[in-house]
């Protein structure tokens, strides 16, 4: 630290190194968990692949809610836009390369993010929630009415992605889809970690904490939020496109309000504003839902509800956020 109280270049370099070391550990844990799932749960790769697809949605939600403080219950509109765009590209235009479908899904999600951002950001607080609910219903109804392209209530089927690199086919066991999803997830995660630590990411954090002060400093709050909405839409679009590639069908449920609400629940469960919380919340919620619904198909929602109440009461920062805070407190005591 310099005499003026400004961090020296050496301390900033040390801080960056510390963050990257922590991220490398996080990436290593993600890879290890993915490989363990592939080896020890080969008969349930469909569930693991579903978790990966939902993870993209929750990560994208974390960008606008956890980092920018924008309340939304319509984020599945971005996920569904990517899914339908990739599906239509494959079925109608015969674009069946998995990478091309994902790119098209990211583009469609970004455009949907721009549209949603312009509409939702016109409101504040409760009005934002109402606008986001209206947006998801409008997207849902548009997909239902455009049945010649989307299949309407019957869904869009006949999606047949080409083998990856011409070698790895998308089989019924989901091996290729799972590994493809892990590759996409790692690429997106690294990009998002760079984004949230960039000056743009810090500006978004500042807007979440005090938008008036950020505006007084000369930064455009609305323009910044719309940019983050577009980025978030691209990430959600990747998730939607990956879901279309892995399941080879797109239904109206990808644009459902339930998807948006559950994504928000997963984010709160894991802890908003860290990206890692999205991983923890999604994995715990989907796994817990699968196990409990299999054991008690009639009353499993009661058990899930009890879990969420317990987390909100005893771990208000979410599972990851609370664990990280306790670890940091313990580390400071050791010093």
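Some notes on this structure:
- Mean-square fluctuations from a GNM of the chain, with a 10 angstrom spring cutoff on Cα atoms, peak among 252, 55, 269 at 252.
- Each principal axis of the Cα cloud of the range 185-335 was evaluated for its coordinate range; sorted largest first, these ranges are 55, 46, 28 Å.
- GNM result for the chain, Cα springs below 10 Å: residue of 128, 21, 248 fluctuating most strongly: 21
- For the range 279-319, the fraction of alpha-carbon pairs in successive 5 Å shells from zero, as %: 5, 25, 27, 25, 13, 5, 0
- Pairs of C-alpha atoms in the range 16-255 farther apart than 21 Å represent 58 percent of all such pairs.
- For the range 216-267, the Cα-based Rg and Dmax, in that order, read 15.0, 49 Å.
- Relative contact order of the range 183-335, defined on C-alpha pairs under 8 angstrom at six or more residues apart (%): 16 percent
- Rounded, prolate or oblate (a/c below 1.5 giving rounded, otherwise prolate when a/b exceeds b/c) for the range 119-198 by Cα gyration tensor: oblate
- Degrees, to the nearest 10: 257-270 long Cα axis against longest axis of the chain: 40 degrees
- Theoretical ellipticity at 222 nm over the chain - DSSP helices of four or more residues, -39500 (n - 2.57) apiece, nearest 500: -24500 deg cm²/dmol
- Against the main long axis of the alpha-carbon atoms of the chain, helix 98-120 sits at an angle near 60°.
- Of 133, 283, 309, the residue with the greatest mean-square motion in the GNM of the chain, using alpha carbon springs below 10 Å, is 309.
- Over the chain, relative contact order from alpha-carbon pairs under 8 Å, at least 6 apart, %: 29 percent
- Gyration tensor (alpha-carbon) shape descriptor, the range 63-194, a/c threshold 1.5: oblate
- For the chain, the longest principal axis of the alpha carbon atoms and the long axis of helix 175-197 meet at an angle near 30°.
Every number here is computed from the coordinates shown, using simple stated rules; none is lab data. It should be emphasised that the depicted structure is a prediction, and the values quoted were computed from it without experimental measurement.
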